[in-house]
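Please read the structure below before turning to the comments.
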Amino acid sequence: MGLTGLEIFKHLPKTNCKECGFPTCLAFAMALANGKTSLDQCPDVSEEAKEALSSAAAPPIRLVKVGAGDNVIEMGDETEIFRHDKRFNHPTAVTIAVNDNEDVGAKVESINELIFERVGQRYEVDMVAIINASGDAATFKAAAETAAAKTAKNITLVTEDVGAMEAAVGVLAERKPLIYAANKDNYEKMTELAKANGCVLAVKGEDLNSLAELVDKVVALGYKELVIDPGSRETSKVLADMTQIRRLAVRKKFRSFGYPTIAFTTKEDLREEMLQAGVYISKFTSVLVLKTDKKEHLMPLLSWRANLFTDPQKPVAVEPGLHEVGEPTADSPVYVTTNFSLTYFLVEGEVDATRIPSYILSVDTGGISVLTAYADNKFTAEKIAADIKAVGLEDKVNHKKAVIPGGVAVLKGKLEDESGWEVMVGPREANGIQKFAKSNFA
Amino acid sequence: MAVEILKEKYRSSVREVVLGATKEEGGTRAHTIKVGGETALPFLHFEGKIPNRPVVAMEVLDMAPEDWPPSVKSFFEDVYNDPAAWAKKCVDEYGADMIALRFKSADPDLKNASAEDCVATLKKVLEAVGVPLIIYGCGKTEKDNEIIGPLAEAGEGENLLLGVAEQENFKPVASAAMAYKHSVIAQSPIDINIAKQLNILISELSTPLLERIVIDPTIAALGYGIEYSYSIMERARFGALNGDRMLAMPMIGNVSQEVWSKKEAFLEEGEPTWGDQAERSLAWEAATSMALLQAGMDILVMRNPESVKIVKKQIDDLMQDNSY
């Protein structure tokens with residue numbers, strides 16, 4: 001464990017063929033040492049080298065894929081503890097639980113409809129988990145069959161009874177469901193079943209120690225397509241366990257914990273459950289199984305997930321185009337800004353606070369802020385003039401006046417020439433908008 | 001093999017700030033509230049101390065709000081025109097740990113209430129409730145600078161948490177806190193360097209005041225850039241634990257103000273897929289609070305009593321020991 005880049009380099013073919021995406025074998029070796037790539041990217045690596053390097057070469061958390069064909073959910077392959085260091089790669093797979101003794105068809109249909117659109121993004125639930133609440137194999141099998149027929153979403157099968165699992169896996173093996181779970185008593189058979197069907201297997205411990213032991217036993221049987229569950233169910237304990245699993249995998253390369261994780265909510269009250277689920281999304285859970293199918297609870301959770309898993313090194317953009325604040329009329333003011341989300345939301349908030357219904361033209365600057373976009377020639381008079389035309393502003397308002405950010409006052413003359421509009425120079429900062437609006441539009 | 005639990009050893013801790021003052025301490029509060037003091041990242045009890053639970057301050061306005069949706073307004077309909085009764089209801093019925101009193105009526109565009117009017121309201125609210133108070137102006141800097149002095153003077157000895165000192169305008173609030181022994185909210189615009197710089201400026205004005213600063217990192221609502229606030233808070237807390245004394249303050253977040261101006265909260269109709277406004281809005285406020293707690297928020301300013309209820313329950317859960 002923990003080989004340096006140079007130690008790894010000794011085992012590489014030294015052809016510098018670039019097939020791995022790195023300029024040299026040495027660069028590839030360094031990336032491997034940091035867990036940023038995997039050895040299978042090298043086309044010429046020898047079996048002997050593979051053997052020698054396998055532990056150092058594997059990423060700290062294994063990339064695991066649930067599902068089949070085009071409909072695959074990737075999980076794991078995380079390298080960070082804080083999102084400000086580098087992007088979290090795979091958003092938590094949000095999975096709704098359906099008991100096999102309820103009306104499975106109806107519930108699954110309602111889960112299919114959980115699709116939300118906001119700020120130009122579409123959010124949906126990822127998976128359905130069929131829970132063997134009945135304790136009966138035939139009921140479980142029938143529920144799995146019904147669910148598979150009703151939804152294209154991936155499926156998690158939840159039972160620790162090998163017989164029931166065998167029956168259910170049998171009817172949807174080609175969908176490659178996630179099998180939950182192998183425990184200390186049934187792991188040999190569950191592993192065999194998962195292996196035979198090429199399904200990802202969840203391994204459930206009773207605490208961190210027993211989880212590590214059990215993972216090692218399953219791996220010793222020759223299977224590594226795993227997700228892991230420390231078995232804890234209280235919010236605070238799950239938070240601690242998930243933190244330990246992530247830290248030990250990433251910082252210590254502790255192999256037994258180098259897998260995606262799964263967590264189950266326990267709160268009966270659905271509002272409380274939503275908050276419990278939110279903690280698990282925040283802290284390192286790959287598959288989250290929850291009960292609620294209420295839109296009002298899932299929309300904030302899915303929004304939070306979308307926020308948390310954005311790339312901190314890339315600015316987040318809002319949809320460019322014409323946005324309405326309140327119910328603007330032909331007399332309403334027109335503000336121009338970029339489509340960098342923070343800038344846009346600040347401007348929108350302040351414009352809203354003026355209580356004067358308005359239009360905001362969000363120019364596509366690739367999601368970068370006013371001054372940066374100006375410096376980079378992405379927020380130019382030509383572009384703004386073209387957008388004013390493109391969104392049909394001239395038909396929407398009966399004036400030809402637009403407010404531009406004070407930081408780019410220099411664009412005024414050119415923009416007036418390009419657009420034929422009168423350009424008003426607004427405040428430099430969004431917090432000056434209310435005052436500006438009061439003296440100009442009130 | 002046994003798992004070796006990985007515990008971080010941090011060099012430092014977040015300052016503990018006491019809010020409010022009892023009779024013995026020169027005020028009239030029934031009890032004080034301590035915030036901060038953490039020696040670990042949020043709720044990681046296994047490697048350090050989280051000595052004080054995060055608290056919820058409920059927002060009270062000094063005039064009937066015009067723009068609150070009925071679903072939240074209904075909780076306060078009987079007390080709208082009486083901030084003292086409103087505050088009392090928040091504490092007695094809805095379990096508010098603190099009251100955040102907002103002098104909205106001072107807004108020159110609304111009632112343009114005088115400093116004397118505001119002082120009278122403050123006195124009534126102080127009499128009505130025994131919890132520590134947070135004081136916010138109307139948000140218009142010039143007017144807020146006029147009323148903060150008289151308010152601080154009227155509350156002398158109560159150790160109010162005074163809002164808000166900003167980089168370009170920290171002296172009126174910081175001086176008022178210094179003169180009448182209050183604590184102060186230092187607000188920075190989602191920028192860790194400005195947060196630090198502002199604390200340095202305040203400490204240059206008054207060294208003892210450094211121990212009575214609460215950072216407002218400026219938070220955004222869920223779906224509106226909250227991830228920026230989240231990461232700034234995580235970095236600030238990490239800096240605090242690693243010895244940066246100019247970031248080692250408890251943090252406060254104005255959840256209600258951010259959330260309730262957003263479509264997800266107030267739109268009655270919403271998009272067809274958004275569901276019921278009442279449930280959606282309380283979920284949005286609670287989930288925003290949940291995310292901030294995970295980044296180290298110490299004081300949440302909230303509005304909807306139903307959101308407050310579930311967030312407080314979650315704080316109970318998160319405060320359960322998770323030592324190995």
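Taking Cα pairs under 8 Å and at least six residues apart, what relative contact order does chain B come out at, in percent?
Here the relative contact order equals 21 percent.
Post the alpha-carbon centroid distance, region A:390-442 to region B:289-310, in whole angstrom.
38
When every alpha-carbon pair in region B:16-318 is counted, what percent end up more than 37 Å apart?
I get 8 percent for the Cα pairs in region B:16-318 exceeding 37 Å.
Loop-only trypsin sites (Lys or Arg not before Pro) in region A:237-311, please: DSSP not H, G, I, E or B, and at most 16 other Cβ atoms within 10 Å.
Loop-located and lightly packed - A:252.
Take the residue pairs B:23/B:313; A:314/B:34; B:23/B:124 and return only those whose Cα atoms are more than 27 Å apart.
B:23/B:313; A:314/B:34
Can you pull the one-decimal nm distance between simple spin-label points at residue B:146 and residue A:206, each 7 Å off the Cα toward Cβ?
7.1
Only bridges whose two residues both fall in region B:16-318 count here: according to DSSP, what percent of them are antiparallel, nearest 5?
Of those bridges, close to 15 percent are antiparallel.
So if I take the centroid of the Cα atoms in region B:95-109 and the same for region A:54-133, what is the distance between those two points in Å?
If you average the Cα positions of each part, the centres end up 42 Å apart.
For the residue pair residue A:117 and residue A:6, what label-to-label distance in nm results when each label sits 7 Å from Cα along the Cα-to-beta-carbon direction?
Output for this residue pair reads 5.8 nm.
Defining a contact as two alpha carbons under 8 Å apart and six or more residues distant in sequence, what relative contact order in percent does region A:359-442 show?
The normalised contact order for region A:359-442 reaches 25 percent.
We did not get these values from a lab; they are worked out from the coordinates using the rules stated. As the structure is a computational prediction, the values presented were derived from the model and not from experiment. Positions of Cβ are backbone-derived with ideal geometry, glycine not excepted, and every protein chain shown enters the neighbour counts.
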